[in-house]
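Accompanying notes for the structure given below.
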Amino acid sequence: MLDNDVERKSTEEATVPIRETKEIPRTRFTSCQREQLENEFILDRYVSKTKIEDIAERLGVTETQVKTWFQNRRARFRKEQKQKQLITSHANAAYNGPMNSYTPVYSQPCLNQHTVVPNCGQNVNYLANHLT
C-alpha cells in the first residue's frame with residue numbers, strides 16, 4: 001500500500017500544470033516623472049481613479065504603474081514615519097531612562113571660566129580644579 005501511495009503522489013505532481021508567470025520588467029521613472037509623482041503625493045497620498053488616469057496620461061505611463069507607485073510610496077512613507085517614531089521614542093527613553101525625573105542642576109561658573117558645569121558632587125570640584 002505504501003508503494004501505491006508514493007506512486008499516486010508522484011503521478012499527481014506530474015499532472016499538476018506548472019503555472020508560468022510573466023515577469024514584467026521594473027519600471028524606471030525619469031527624474032522628472034518622479035518629481036511630479038512626489039509633488040502629487042505631497043498634495044494627496046490617496047488619489048482617485050480619475051486623478052490616476054490624468055497623471056498617467058500626463059507622464060506617459062500606464063495607470064497601473066501610477067497606482068503601484070502610489071502604493072509603494074505610501075508604504076515607504078509609513079516605514080519612514082515608523083522609523084522616526086522609533087528614533088524619537090529611543091531618544092526620549094535614553095534621556096528619561098533610569099532617571100525619569102532628571103532635571104539638570106547647574107553650579108556656579110568655574111574659576112576664571114565662563115562655562116557652567118553640571119553639579120555632580122565631586123566631579124564639579126575635579127573639573128573646577130583642572131580647568132583653571
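None of the figures in this text is laboratory data; all of them are computed from the coordinates on show. If you're wondering where the values come from, they're calculated on a predicted model, not measured in any experiment. When we count neighbours, we look across all protein chains shown, and the Cβ atoms used for this are built from the backbone with ideal geometry, even at glycine.
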Note to self: Less than 13 Å Cβ to Cβ from residue 90, Lys/Arg counted +1 and Asp/Glu -1: what total charge do the surrounding residues give?
What the structure shows: +2
Item checked: residue 62-residue 39 FRET efficiency (beta carbon distance; Förster radius 25 Å; 0.05 resolution) -> 0.80
Margin query: Using Cβ contacts closer than 10 Å as the measure, can you line up 44, 54 from fewest to most?
Written below: 44, 54
Check: Full extension from residue 48 to residue 82: what is 0.36 nm times the residue separation minus their Cα-Cα distance, to one decimal in nm?
Finding: 9.7 nm
Notebook entry, point to check: How far apart, in nm, are two points set 7 Å out from the Cα along the Cα-to-Cβ line at residue 73 and at residue 89?
Noted result: 2.8 nm
